[in-house]
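Each remark here refers to the structure printed beneath this line.
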Amino acid sequence: MSILRRIQGEGQPNNNQPPKPGGSDPLRNPALQSRRINAPSTSSANDTYQDLKNRVQTKLLGTLDPSMDVTQTADVKRTIQDLFEQILNEENIILSRPERARMFEQISAEILGFGPLQRLLEDETITEIMVNGAKNIYIERFGKILREPMAFENNDHVMRIIERIVAPLGRRIDESSPYVDARLPDGSRVNAVIPPISLVGPVLTIRKFAKTPITVEKLIEFGSITPEAIQFLDACVKARLNIVISGGTGSGKTTLLNVLSGFIPSDERIVTVENAAELQLRQEHVVTLESRPQNIEGKGEITIRQLVINTLRMRPDRIIVGEIRDEAALDMLQAMNTGHDGSMTTAHSNTPRDTLARMETMTLMAGMDLPIRAIREQISSAIDLVVHQSRMRDGSRKVVNITDVTGMEGEIITMTDIFLFEQAGFENGRVIGRLRPTGLRPKFMEKIEQSGIHLPPSIFGIGERRRY
């Protein structure tokens with residue numbers, strides 16, 4: 001075991017250090033000010049280590065140049081390491097090599113990153129991080145939820161990390177506004193809920209995005225979709241069909257939307273509308289719009305609906321809405337019905353049929369006194385295709401329906417499955433099955449062919465039955 005020896009007093013910071021030239025207080029730097037940590041009591045060996053870490057960290061913050069640009073991570077980390085080694089030597093603090101490395105990584109994570117979460121954020125096998133108060137942290141890895149042994153110091157520590165995430169985005173979280181949606185610099189989606197709404201302390205949920213976006217080839221490799229279905233969806237996007245991607249929470253809707261948006265020709269103007277910007281479009285001509293919550297005076301809110309309406313004045317070739325969840329559905333349907341073909345969005349639902357029912361309900365939320373039949377006619381004429389994803393019991397994400405919205409029969413919107421997932425069994429903890437064509441051609445085939453795209457009949461399973 002290493003020796004934790006402090007020449008200048010047990011647990012007491014050195015107050016005899018000369019002041020920094022110029023008399024400036026380095027903690028006045030807003031980028032560093034939020035990173036100061038109060039030392040806990042030293043009632044055990046672990047607390048002694050924690051107290052020592054906090055004391056070194058506090059002195060390090062007092063030594064750093066307040067004008068330092070902490071966004072230049074590599075340069076700042078080198079400076080921090082030099083000062084860290086200097087402080088340990090000056091105070092005759094003796095640590096083993098592993099403890100020294102561990103302390104430096106923890107301190108640099110507090111100053112430059114997101115504290116205890118930094119290691120989890122850098123682990124590419126983790127897809128979701130769930131913090132339920134200071135001591136209960138869970139992760140999702142390969143579709144399974146696991147308990148993480150690490151913990152925050154206390155709830156105040158969690159709150160500091162939440163503030164560090166939302167502050168650069170101009171968003172706030174406090175008792176008057178106790179929940180917020182945000183994003184990390186890499187595009188990962190963040191939701192935070194704090195007391196009094198949460199009864200277990202601050203709750204933080206982070207949906208991580210892969211550092212390298214998931215490609216079509218990866219989706220096929222994972223078994224999420226088949227090459228035939230991808231060829232069909234590629235044709236649908238290029239033929240400017242309106243597509244809704246539906247599914248439950250964590251089913252992979254946004255990932256699939258990113259993949260399908262990659263099929264949009266590069267010479268088209270795309271306007272995206274999101275609650276927290278997370279789409280990763282690779283085209284050159286992309287305009288990204290993000291909604292904004294109200295400020296502390298209750299003013300300044302910009303809703304998804306307002307942004308969708310505004311996009312119509314921006315000469316878009318395509319409108320992509322990250323998620324439709326409220327009355328913005330009415331304006332999205334209007335856009336799809338007024339010349340903005342090829343638009344895409346996502347929606348939460350259990351089945352393709354439920355997707356249309358939800359669109360109907362969300363349209364009614366707009367407060368327009370419209371008869372149900374008129375709303376359903378709008379939906380059936382605006383939406384060409386519903387692609388439904390599901391998170392299977394083994395944690396895998398799969399496209400389970402690709403459904404053509406064929407029109408109206410009386411008061412009912414009619415739908416036809418073009419591709420349908422057939423589950424053959426469940427073996428060794430894995431779902432066995434495949435997305436298969438139903439043998440039916442979509443009603444919009446003429447539109448695809450008018451775009452100069454000719455799909456072979458085998459994609460739809462036509463002619464395959466003879467081989468069985």
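The values are calculated or read from the model by the stated rules, or taken from the named source; none is laboratory data. In this text, all values refer to a predicted model and were calculated from it rather than measured experimentally. Using ideal geometry, Cβ is built from the backbone for each residue, glycine included, and neighbour counts are taken over all protein chains shown. To get the accessible areas, we keep the full protein, side chains included, count just its heavy atoms, and leave off ligands, DNA and RNA. Shrake-Rupley method; radii C 1.70, N 1.55, O 1.52, S 1.80 Å.
Answer yes or no: is there a residue in the stretch 101-118 that is open to solvent by 20 Å² or more (accessible area, probe 1.4 Å), at negative phi, at pLDDT 85 or above and hydrophobic (A, V, I, L, M, F, W, C).
no
Name the residues in the stretch 311-341 that are farther than 27 Å from Gly250 by Cβ and assigned to a loop (DSSP other than H, G, I, E, B), would you?
Leu312, Arg313, Met314, Arg315, Pro316, Asp317, Asn337, Thr338, Gly339, His340, Asp341
Would you point out the residue of the stretch 217-247, among those that are closer than 13 Å to Ile264 by Cα and in contact with a Leu (Cβ under 9 Å, 6 or more places away or on another chain), that is surrounded by the most Cβ atoms within 10 Å (Cβ to Cβ)?
Cys236
Grab the helices (runs of 4 or more DSSP H) fully contained in the stretch 349-468, keeping just those with 3 or more residues being loosely packed, with under 13 Cβ neighbours inside 10 Å and free of Cβ contacts under 8 Å to residues at least 40 places away in the same chain.
Counting at least 3 such residues, we get 372-382.
Could you tell me whether any residue of the stretch 454-466 is among the polar types (S, T, N, Q), more than 29 Å from Glu323 (Cβ to Cβ) and out of contact with any Ser or Thr (no Cβ under 9 Å at 6 or more places or on another chain)?
Within the stretch 454-466, one or more residues are among the polar types (S, T, N, Q), more than 29 Å from Glu323 (Cβ to Cβ) and out of contact with any Ser or Thr (no Cβ under 9 Å at 6 or more places or on another chain).
Residue by residue through the stretch 245-263, note down the ones that are outside any helix (DSSP H, G or I) and in contact with a helix residue (DSSP H, G or I) (Cβ under 6 Å, 6 or more places away or on another chain).
Once the filter is applied, which keeps residues that are outside any helix (DSSP H, G or I) and in contact with a helix residue (DSSP H, G or I) (Cβ under 6 Å, 6 or more places away or on another chain), the stretch 245-263 yields Ile245, Ser246, Gly247, Phe263.
Every residue, every condition in (1) open to solvent by 50 Å² or more (accessible area, probe 1.4 Å); (2) touching a residue at least 60 places away in the same chain (Cβ under 8 Å); (3) under 16 Å from the mean Cα position of the chain (by Cα); (4) closer than 22 Å to Ala277 by Cβ, yes or no:
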| residue | (1), (2), (3), (4) |
| --- | --- |
| Lys144 | yes, yes, no, no |
| Glu153 | no, yes, no, no |
| Ile173 | no, no, no, yes |
| Pro178 | no, no, no, no |
| Ile197 | yes, no, no, no |
| Leu204 | no, yes, yes, yes |
| Lys208 | no, yes, yes, yes |
| Lys211 | yes, yes, yes, yes |
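Write out, first by first residue and then by second, each pair whose Cβ atoms fall under 6 Å of each other, whose residues are 6+ apart or on separate chains, and whose first residue, in the stretch 263-288, is on the phi < 0 side of the Ramachandran plot while the second is of a type in the set (Asp, Glu).
Phe263/Asp234; Glu268/Asp317; Arg269/Asp317; Glu274/Glu290; Asn275/Asp181; Ala276/Asp181; Ala277/Glu290
If you take just the strands (runs of 3 or more DSSP E) that sit entirely in the stretch 96-199, which of them hold at least 1 residues that are in contact with a Leu (Cβ under 6 Å, 6 or more places away or on another chain)?
Of the strands (runs of 3 or more DSSP E) lying wholly inside the stretch 96-199, those with at least 1 residues that are in contact with a Leu (Cβ under 6 Å, 6 or more places away or on another chain) span 126-132, 137-141, 179-183, 189-193.
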